[in-house]
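Let me begin by presenting the structure, written as structure tokens, before commenting on it.
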Amino acid sequence: MVKGSKASEDTILMVEFVKGETFAEFIRRMGLTRDELGDCFIDGTLTRPQSELREGARVALFPFNMVLLCGGQHLKGHGYTRDDVDVDYY
Amino acid sequence: MAKILRINMNDLSYKWEEVPSKWETLAGRAFTSTIVSEEVDPKCHPLREKNKIVISPGLLAGTKAPSSGRLSVGAKSPLTEGIKEANAGGLTATKLGRLGIRGIVIEGMPKGNDWYSIIISKDKCEIKVTNEYAGLGLYDLTTKIWKDYPNKPGIIGCGIAGQRLSKAAGVFGNNIENTDPGRYAGRGGLGAVFGSKRIVTIITDDSEGKAPEPKDSDKFTESITKLREALRAHPVTGKLKDDKGKPFGGLANYGTNILQNIINEAGGLPTRGFKSGRFEGAAKISGEAVHEIVDKTREKFGDSAEGRYGHACHPACVMRCSNVVPYEDTGKHHVGPLEYETAWALGTNLGIDKLQDVAELNRLCNDLGLDTIETGNTIAMFMEAGVIDFGDGQAAIELLKKAYDEKSIEGRLVCSGTKSAGEALGVTRIPVVKGQALPAYDPRPIRGIGVTYATSTMGADHTSGYTIAAEILGVKGKVTDPRALDKAELSRAFQSTTAYIDSSGYCLFIAFCILDNDDGFAGMKGSVDAFLGKDIDVTEYGLAVLKKEREFNAKAGFTNADDRLPEFFYTEPLPPHNVTFDVTDEELDMVYKDL
């Protein structure tokens, strides 16, 4: 997505703000799909598809195999990565 | 039939015992904690005659079960003064399993100044004077031992720090290739208990051993196949590359240090002595950075490059989260593995963002026989006190090197544990619970892990009940108030499942997969049941272990007042979320109220 990016540095991309845009809409705009992504954050808080972005937000995208290494998402109410679970406390 | 090897260091004798029927299902942590709680005086001095070292391979060690070769080491801890189980990979658990040894109990302490090694092979044990092994750096020692014992034995023991009874001393283990002594049962100062009994190493040769037989072979094979498939298909624990050759498994590609960037983003990465939840240099010392330098040095140095990811920490491992960090200028082995907790303790927590400095500090810890988490936190006390500066990697390296000089007081202090060093240096922000330093998740934004740190029988320990995600989600109470989740129940459920896994021989990391995947869970439980020929209840088994550990600690003098975090976590808000640890004492006491 970003030319010349390195794994040993933060890759920062400035993106135009769209009022009322949800995280799901945002990743679509970035040309990404949900199954390509792991845990993602808006301003340091784990995001869900319907989370809305605010102007100046810091959005962090991690690939599908990068999650909080927690296990038991269905027990603990994990937000974004698991949508095929029976129970979601959130 | 599995056996117990009981060694008496008072008179340098040993005997083989049958495993009594009441202990038949016990192995790993269940075995070590049961024996420590039944046989060790909880009030005893941990570094004198009455303490015992108990070593036990997990139940399935030596079998073909995937990622099942973990070793438990237990004793009364000189760091926490409570019960301790520390867990590691390496070669020894697999080899003890193949020799049919359920556990080793080491009692007493010898008179005189000799240093000993215990040499174990099929139905044989020798307690040998090995003064030439004492005082050596562990890279030299493990190399020497493989020359002296050509059957590629498993080696565990203590280094210089343990031999001097330093409380940050861990129990080292050699890796599969014997290129690094970095497989540590690190926590709780158990290396010093080895030193107190004047044991430098335990050398295990399984050349005449064989894989232990499960009671129900068909069910066992079926179960481990199920588990293996679940592990390999999971994006965290899965294979290195997918069918198209793209990086797949998170752990195989980036190791446990995959967490560096993600916990940083979550605002829970303790930085410069727990002063911020974000570190601007995190990416430079992350698992991704290690992956990059391994690829780069492979490209440059070809077959002579020694950097690795997707490296197995013990023979049966399929998750392969271990790595080897190469020297950038030669491609040769610098240290392996560099784990998340270590990169945090010796990097982030010290404000050091140079990967080679972090790797060097890790190598020094491995060579000296030190727990990296405890040592990193101890160096942070020197920084907090202004003796050296946060971010000064070279000064940290020079400080740690003083530990080689037995006359150096600074050298002794840097090995003495966070609490001792912090108090000696006049620091009031000392991040310990029950005397043991906190690992790499700040308990303020990640309150569930804070509950585990506070209430664990082991002192501050992330592996006792890994409740990270739910609590991060609840950081701001945006979606729901985190209190709506019953944290006590969550923490206890995870602590008991953890105790079961720590006893099975399986690596705790299978939890990432088995708690998501029903087939994986069935595979884990099925394999343990098939091995024993019994139906074991996971939670009950785990709770029984916790109960024994709690009882020991109670007799040692611990009360609910010890199940607390240090004061500054309750009063200093942590940026960027600016939260404090606000779980009440009553909530903390709920975790074990009805146990």
Hey, does region B:276-288 have a residue that's surrounded by fewer than 24 Cβ atoms within 10 Å (Cβ to Cβ) and farther than 19 Å from B:Asp357 by Cα? yes
Residues in region B:207-219: is at least one under 30 Å from B:Gly533 (Cβ atoms), out of contact with any Ser or Thr (no Cβ under 8 Å at 6 or more places or on another chain), surrounded by fewer than 21 Cβ atoms within 10 Å (Cβ to Cβ) and within 14 Å of another protein chain (Cβ to nearest Cβ)? no
Among the candidates B:Glu339, B:Glu374, residue that is crowded, with 22+ Cβ neighbours inside 10 Å, closer than 26 Å to B:Thr179 by Cα and in contact with a strand residue (DSSP E or B) (Cβ under 6 Å, 6 or more places away or on another chain): B:Glu374
So, of the residues in region B:388-422 that are more than 21 Å from B:Thr271 (Cβ to Cβ) and exposed (fewer than 14 other Cβ atoms within 10 Å of the Cβ), which turns out to be modelled with the lowest pLDDT? B:Glu406
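Picking from B:Glu299, B:Glu280, B:Glu288, B:Glu265, which residue would you name as being among the acidic types (Asp, Glu), closer than 18 Å to B:Leu338 by Cβ and in the same structural domain as B:Leu346 (by TED's automatic domain parsing)?
Details: B:Glu299 fails: closer than 18 Å to B:Leu338 by Cβ; B:Glu280 fails: closer than 18 Å to B:Leu338 by Cβ; B:Glu265 fails: closer than 18 Å to B:Leu338 by Cβ.
Among B:Glu299, B:Glu280, B:Glu288, B:Glu265, only B:Glu288 is among the acidic types (Asp, Glu), closer than 18 Å to B:Leu338 by Cβ and in the same structural domain as B:Leu346 (by TED's automatic domain parsing).
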Which one is modelled with the highest pLDDT among residues in region B:460-483 that are surrounded by fewer than 24 Cβ atoms within 10 Å (Cβ to Cβ) and more than 8 Å from chain A (Cβ to nearest Cβ)? B:His462
Output yes when any residue across region B:290-308 is in contact (Cβ under 8 Å) with a residue 40 or more places away in the chain, of a type in the set (Val, Ile, Thr) and either surrounded by 22 or more Cβ atoms within 10 Å (Cβ to Cβ) or under 23 Å from B:Leu364 (Cα atoms) (or both), and no when none is. yes
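Take the residues in region B:263-284 that are among the basic types (Lys, Arg) and in a loop (DSSP other than H, G, I, E, B), then tell me which one is nearest to the other protein chains (Cβ to nearest Cβ).
As a first pass, look at region B:263-284 and keep what is among the basic types (Lys, Arg): B:272, B:275, B:278, B:284.
From what is left, the residues that are in a loop (DSSP other than H, G, I, E, B) are B:272, B:275, B:278.
Values: B:Arg272: 18, B:Lys275: 16, B:Arg278: 8 Å.
Restricting to residues being among the basic types (Lys, Arg) and in a loop (DSSP other than H, G, I, E, B), the top hit is B:Arg278.
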Pairs returned, first residue in region B:77-90 that is within 25 Å of B:Arg564 (Cβ to Cβ), second residue that is among the aliphatic types (A, V, I, L, M) and surrounded by fewer than 24 Cβ atoms within 10 Å (Cβ to Cβ), beta-carbon separation under 7 angstrom, 6 or more apart or interchain, are B:Pro78/B:Leu47; B:Glu81/B:Ala556; B:Gly82/B:Ala556
Select from region B:220-262 the residues that are aromatic (Phe, Trp, Tyr) and within 14 Å of chain A (Cβ to nearest Cβ) and write down the one among them that is nearest to the chain's Cα centre (by Cα). B:Tyr254
Being over 22 Å from B:Cys125 (Cα atoms) and in a strand (DSSP E or B) is the filter here; which residues of region B:159-202 pass it? B:Ala169, B:Gly182, B:Ala185
Kindly indicate whether any position in region A:11-33 is within 12 Å of another protein chain (Cβ to nearest Cβ), within 29 Å of B:Ala252 (Cα to Cα) and part of a loop (DSSP other than H, G, I, E, B). yes
Look through region B:207-254, keep the residues that are small (Gly, Ala, Ser) and at pLDDT below 95, and return whichever of them is farthest from B:Cys507 (Cα to Cα). B:Gly245
Could you grab me the full set of residues in region B:121-148 that are touching a residue at least 60 places away in the same chain (Cβ under 8 Å), within 22 Å of B:Asp180 (Cα to Cα) and out of contact with any Asp or Glu (no Cβ under 7 Å at 6 or more places or on another chain)? B:Thr130, B:Tyr133, B:Ala134, B:Leu141
Over region B:185-212, the set of residues out of contact with any Lys or Arg (no Cβ under 8 Å at 6 or more places or on another chain) and at positive phi is B:Arg198
Applying the selection to region B:380-401, what residues are among the small types (Gly, Ala, Ser) and not in a helix (DSSP H, G or I)? B:Ala385, B:Gly386, B:Gly391
Evaluation of B:Thr237 against (1) farther than 22 Å from B:Val324 by Cα; (2) in a loop (DSSP other than H, G, I, E, B) (one fails), failing number: (1)
Considering residues that are aliphatic (A, V, I, L, M) and touching a Gly at 6+ places or on another chain (Cβ under 8 Å), the number found within region B:399-448 is 6
Restricting attention to region B:537-567, and to residues there that are touching a Lys or Arg at 6+ places or on another chain (Cβ under 8 Å) and surrounded by fewer than 17 Cβ atoms within 10 Å (Cβ to Cβ), which single residue is nearest to B:Lys434 (Cα to Cα)? B:Gly557
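Considering only residues that are under 18 Å from the mean Cα position of the chain (by Cα) and β-branched (Val, Ile, Thr), look in region B:159-182 and name the one that is farthest from B:His311 (Cα to Cα).
Step one: of region B:159-182, the residues under 18 Å from the mean Cα position of the chain (by Cα) are B:159, B:161-162, B:166-176, B:180-182.
Now restrict to residues that are β-branched (Val, Ile, Thr): B:171, B:176.
Working: B:Val171: 21, B:Ile176: 10 Å.
So the residue we want is B:Val171.
Is it fair to say B:Ala169 is touching a Cys at 6+ places or on another chain (Cβ under 9 Å) and modelled with pLDDT under 95?
Values: touching a Cys at 6+ places or on another chain (Cβ under 9 Å): yes; modelled with pLDDT under 95: no.
The answer is no for B:Ala169.
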Of the numbered conditions (1) closer than 13 Å to B:Gly182 by Cβ; (2) in contact (Cβ under 8 Å) with a residue 60 or more places away in the chain; (3) not in a helix (DSSP H, G or I), B:Asn362 satisfies every one except a single condition; which is it? (3)
Set B:Ser68, B:Ser56, B:Ser33, B:Ser21: member being buried (at least 24 other Cβ atoms within 10 Å of the Cβ), more than 19 Å from B:Arg187 (Cβ to Cβ) and among the small types (Gly, Ala, Ser): B:Ser68
Identify, please: which residue in region B:94-143 is β-branched (Val, Ile, Thr) and assigned to a helix (DSSP H, G or I) and is, among those, surrounded by the fewest Cβ atoms within 10 Å (Cβ to Cβ)? B:Thr143
Are any of the residues in region B:422-435 of a type outside the set (A, V, I, L, M, F, W, C) and assigned to a helix (DSSP H, G or I)? yes
Taking the residues in region B:539-595 that are assigned to a helix (DSSP H, G or I) and of a type in the set (Phe, Trp, Tyr) as candidates, determine which candidate is farthest from B:Thr418 (Cα to Cα). B:Tyr541
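The values are calculated or read from the model by the stated rules, or taken from the named source; none is laboratory data. Note that the structure is a prediction, hence the values are computed from the model and not measured. So basically every Cβ, Gly included, is an ideal-geometry build from the backbone, and we count neighbours across all protein chains shown.
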